[in-house]
Structures are given as structure tokens and as C-alpha cells.
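Encoded as C-alpha cells, the structure appears first; notes follow it.
The values are calculated or read from the model by the stated rules, or taken from the named source; none is laboratory data. Since the structure is predicted, the reported quantities are computational estimates derived from the model, not experimental observations. All Cβ positions, even for glycine, are placed from backbone atoms using ideal geometry, and neighbour counts span all protein chains on display.
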Amino acid sequence: MADDRRGRDKQAHDAEHRQQEREIATELERADEKEPRVIAEELTGFEAELDAVSFPATGAEVVETIGDVQIDSVEGSVSIAELVPETDEETFDSSAAVRVQVQRPTVAAAMKRVVEASDTLQNPEFRWSQRKAYEQTFQELEEIGADDDDEGIQAITEWIVERIHDKEALPNSRDVRREAAKFCRRNGYEVRNDEWLGV
């Protein structure tokens, strides 16, 4: 491979793709460690529905093919269209990637809004590492505020979307974590410095 910008970009893309695959495998292995959000039997039925999708597939293709499929979670019934960003910029390499997306519906719905908002930007570069940091922040908010109807996730999602529209750029992940920590402290949740939100 030539040592030019194009070659370096391809190497970086390939490295990011390998990292995505490792993280998806890890998420699937850890699915039972955290409190399940989607009922296990629902995922079995959902996996059968995924056979209708030809991978790799964009978010728009997944929604077009199985968007009306409903899955039951602890928060209630939700459609795939509510959890998967309907955009050509979002690509799923396998059914496992879609499964990871829908396992935490509240986080998936928040990420759907963020991804779709970022799609309005002229150069929407939403790196995998930045996306994972956003998801981690939403997961932390979900764990901290389990009894508050995910108010923290909603507030931070709104904050991110407003920043995208106002500044025409994605806020960096550290700013998102900082805003989430402010929300937690304002609402009486302790955030220690050695925690993810403790920035």
C-alpha cells in the first residue's frame, strides 16, 4: 500500500473497522452482565427477522426492511424504526451489529436522534470512538437515573442535538460527559472523579 494520504486513510478505516468488530463481539459476550433491557426471547425472534436484511446494510435499508418489527423491552414495546438511524451514513456490517444496537432501547433511541441530527451537517465525521463515548455516557446516565424515566438521557440528547444545530458540529465526547456530569450533580446524583462522568 502506498504511503500517501489515501493509503493512510484506508489503514485508519481498516483499523477502526477491526475495532468495531471487536467491540461488537465484546458487547454480545457481555449482554448478560448488565440488567437486560430487551427480553431474551424477543431477541431470538428478532434475529429471525434480520434474515430479511442483506448485510452490510445502511440504517435506512434496515429500517426499510424491518422497521415495523416490534420488540418488547422493560420500557415497553418499541419498533426497530425507533432504534435504528434512518440514514445512509450509518452502516451495519452484520446482524450482530444491529442486535447490539437494539439491546438497550433507550440508548439506541438517543443515538438515533444524534446520528440523524449529525446527518444534517456538511461534513458529518462521526468517528466510531466518538460514537462509543456518546453511548457510554448514555449508558452511565441510564444506570444512574434508573428511576427517573431516563430524564438524563433525554436532557443530554437534547443538548447534543441543539449543539449540532447551533454550532454546526458534533460536540466532542469530553464536553458531552461534562454536560452529563453537570446534569447529574444538579439533580442530586453523585459523580465521583474516578467514574466515566467524572471529568
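Overview of results
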{"quantity": "Boolean, ALA117 is more than 26 Å from VAL53 (Cβ to Cβ) and outside the structural domain of GLU82 (by TED's automatic domain parsing)", "calculated": "no"}
{"quantity": "The listed residue being outside any loop (DSSP other than H, G, I, E, B), of a type outside the set (Lys, Arg) and modelled with pLDDT of 85 or more, out of SER54, SER77", "calculated": "SER77"}
{"quantity": "Residues of segment 155-193 satisfying the condition of being surrounded by fewer than 15 Cβ atoms within 10 Å (Cβ to Cβ), farther than 17 Å from GLU135 by Cβ and in contact (Cβ under 8 Å) with a residue 40 or more places away in the chain", "calculated": "HIS165, GLU168, ALA169, ASN187"}
{"quantity": "Number of positions in segment 80-97 that are surrounded by 17 or more Cβ atoms within 10 Å (Cβ to Cβ), assigned to a loop (DSSP other than H, G, I, E, B) and not charged (D, E, K, R)", "calculated": "4"}
{"quantity": "All helices (runs of 4 or more DSSP H) inside segment 108-195 with 3 or more residues being closer than 18 Å to GLY59 by Cα", "calculated": "128-144"}
{"quantity": "All positions within segment 119-131 that are touching a residue at least 40 places away in the same chain (Cβ under 8 Å), under 13 Å from the mean Cα position of the chain (by Cα) and surrounded by 15 or more Cβ atoms within 10 Å (Cβ to Cβ)", "calculated": "PHE126, GLN130"}
{"quantity": "Checking TRP196 against (1) within 17 Å of GLN139 (Cβ to Cβ); (2) without any contact (Cβ under 8 Å) to a residue 60 or more places away in the chain; (3) under 18 Å from the mean Cα position of the chain (by Cα), the condition it does not meet", "calculated": "(2)"}
